[in-house]
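Peer 1: Below you'll find the structure I mean.
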Amino acid sequence: MKPWAWGPLLLLAGLAGGAAAAWFATGQVDSRAGRGPFPWKAMAGNGSAAATPLQRATVARIGIWALPSQEVVYFNTEQDDQGRPLDVACAYRLRGARDPAARWWSIGAYRDYQWIDNGLNRYSVSSSSISRDADGGFTVVAGVPAQGANWLPLGDVAGRITLLFRLYIPDPAVMAAPERVPLPSVTRLECRR
């Protein structure tokens with residue numbers, strides 16, 4: 001091969017390697033990063049001018065968009081209260097004693113960062129649609145089989161399961177001390193295997 005031919009080949013190899021590294025880096029959200037009450041975490045800066053280039057690229061790849069934290073704070077978890085990864089073969093109870101300080105909230109379940117298809121077209125529960133417990137708190141069951149009005153399907157196709165708790169128009173104290181926000185526990189109930 002002629003010496004001048006190595007330049008374009010090395011350039012193409014470098015571009016391919018860089019594209020592959022960017023694709024891998026933006027396809028992974030580290031659910032352990034950020035601040036919040038275990039197992040929930042929120043990343044500061046998403047949707048704002050303070051977002052890092054990696055945060056912006058990740059949101060562009062796996063999210064629809066991200067709003068600034070004065071409009072919405074996104075808490076996510078991919079594990080239960082014992083630190084075990086969420087699994088479609090298991091059912092989980094999310095129990096909240098009280099509502100977080102926000103105008104409105106919702107909890108959604110995702111597989112590989114996409115809505116989980118289901119026959120009921122149920123993709124989230126929210127503060128305006130949830131059935132309350134006798135003490136004013138709330139209980140959501142995620143998984144199979146269907147369990148009541150506050151049920152979130154996880155489907156039966158394996159994949160990376162994420163629960164996302166969105167707080168819309170949150171109190172400023174939410175991002176000042178996200179670890180003090182009263183988010184629901186995530187308790188594994190049973191597994192089908």
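The values are calculated or read from the model by the stated rules, or taken from the named source; none is laboratory data. Only a predicted model underlies this, so the values are computations on that prediction, with no experimental measurement involved. FYI the Cβ positions are ideal-geometry reconstructions off the backbone, even for glycines, and counts take in every protein chain you see. Just so you know, the surface numbers come from the protein's heavy atoms only, side chains and all, with ligands and any DNA or RNA stripped out. Shrake-Rupley method; radii C 1.70, N 1.55, O 1.52, S 1.80 Å.
Peer 1: Would you mind getting the Kirkwood hydrodynamic radius of the range 122-165 from its Cα pairs, rounded to one decimal in Å?
Peer 2: 11.6
Peer 1: A further question on this structure: For the range 36-160, state the average projected area of the convex hull of the C-alpha atoms over all orientations, rounded to one decimal in nm².
Peer 2: 8.4
Peer 1: For q values of 0.11, 0.13, 0.22 Å⁻¹, compute log₁₀ I(q)/I(0) with the Debye formula on a Cα-only model of the range 111-193, without solvent.
Peer 2: Normalising to I(0) and taking log10 leaves -0.37, -0.51, -1.27.
Peer 1: Which residues does a label at residue 135 reach in the range 84-100, if reach means a backbone N under 13 Å from a point 7 Å past the Cα toward the Cβ?
Peer 2: Residues passing the 13 Å test: 95-99.
Peer 1: Enter the accessible area per residue of the range 47-193 (Å², integer; probe 1.4 Å; all protein chains in place).
Peer 2: 51
Peer 1: Next question, about the same structure. With the full set of protein chains in place, find how many percent of the accessible area of the range 78-168 is carbon and sulfur; take the probe as 1.4 Å.
Peer 2: On the range 78-168, the fraction of accessible area on carbon and sulfur atoms equals 49 percent.
Peer 1: Using the basic label-point model (7 angstrom from Cα toward the beta carbon), what is the residue 12 to residue 114 distance in nanometres?
Peer 2: A separation of 3.1 nm, rounded to one decimal place.
Peer 1: I'd like the distance between the alpha-carbon centres of the range 145-193 and the range 82-120, rounded to an integer number of Å.
Peer 2: The distance from the Cα centre of the range 145-193 to that of the range 82-120 comes to 3 Å.
Peer 1: Given contacts defined as C-alpha pairs under 8 Å and at least six residues apart, what's the relative contact order of the range 37-193, whole-number percent?
Peer 2: The normalised contact order for the range 37-193 reaches 35 percent.
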